[in-house]
1. Condition first: under 16 Å from VAL7 (Cβ atoms) and of a type in the set (S, T, N, Q). Now tell me which residues in segment 29-48 satisfy that.
2. If you take the residues of segment 30-86 that are under 19 Å from ASN17 (Cα atoms) and among the basic types (Lys, Arg), which of them is modelled with the highest pLDDT?
3. Could you list all residues from segment 14-41 that are of a type outside the set (Gly, Ala, Ser) and in contact (Cβ under 8 Å) with a residue 60 or more places away in the chain?
4. Before we move on, is ILE79 among the β-branched types (Val, Ile, Thr), part of a strand (DSSP E or B) and either loosely packed, with under 14 Cβ neighbours inside 10 Å or touching a His at 6+ places or on another chain (Cβ under 7 Å) (or both)?
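The values are calculated or read from the model by the stated rules, or taken from the named source; none is laboratory data. Everything numeric here is computed off the predicted structure, so don't read it as measured data. Cβ atoms come from the backbone with ideal geometry, glycine included; neighbour counts cover every protein chain shown.
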Amino acid sequence: EVITYRVMTEAVPVAPNVLAVSGTHYTTGNTVTIPANSSFGEVTINIQNPGISSTVPTEVHLELVGNTNIKASSNYKKIAIRIAQN
């Protein structure tokens with residue numbers, strides 16, 4: 001199954017972190033493939049700039065959208081990934 005996800009641009013990062021900017025700090029797609037007979041897929045996030053300091057990391061917030069066959073679980077559809085220099 002190919003599942004759509006989106007980058008949450010209105011998310012609030014954990015202080016003192018800042019929200020990472022697509023194309024500046026990272027790049028990513030908008031779909032993840034879950035292979036047959038599996039419950040998991042892998043999202044690729046390419047880090048381009050980890051930020052100015054490991055004391056102020058950036059965060060990428062993702063939300064699963066789903067597809068016509070599979071809906072994203074309300075309890076498990078969001079994740080935050082922290083990008084830091086260390």
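1. Of the residues in segment 29-48, the ones under 16 Å from VAL7 (Cβ atoms) are 29-32, 43-48.
Within segment 29-48, ASN30, THR31, THR44, ASN46, GLN48 qualify.
2. Applying the filter and picking the extreme gives LYS78.
3. Initial filter on segment 14-41 (of a type outside the set (Gly, Ala, Ser)): 14, 16-19, 21, 24-28, 30-35, 37, 40.
Correct list: VAL14, ASN17.
4. Values: among the β-branched types (Val, Ile, Thr): yes; part of a strand (DSSP E or B): yes; either loosely packed, with under 14 Cβ neighbours inside 10 Å or touching a His at 6+ places or on another chain (Cβ under 7 Å) (or both): yes.
Yes.
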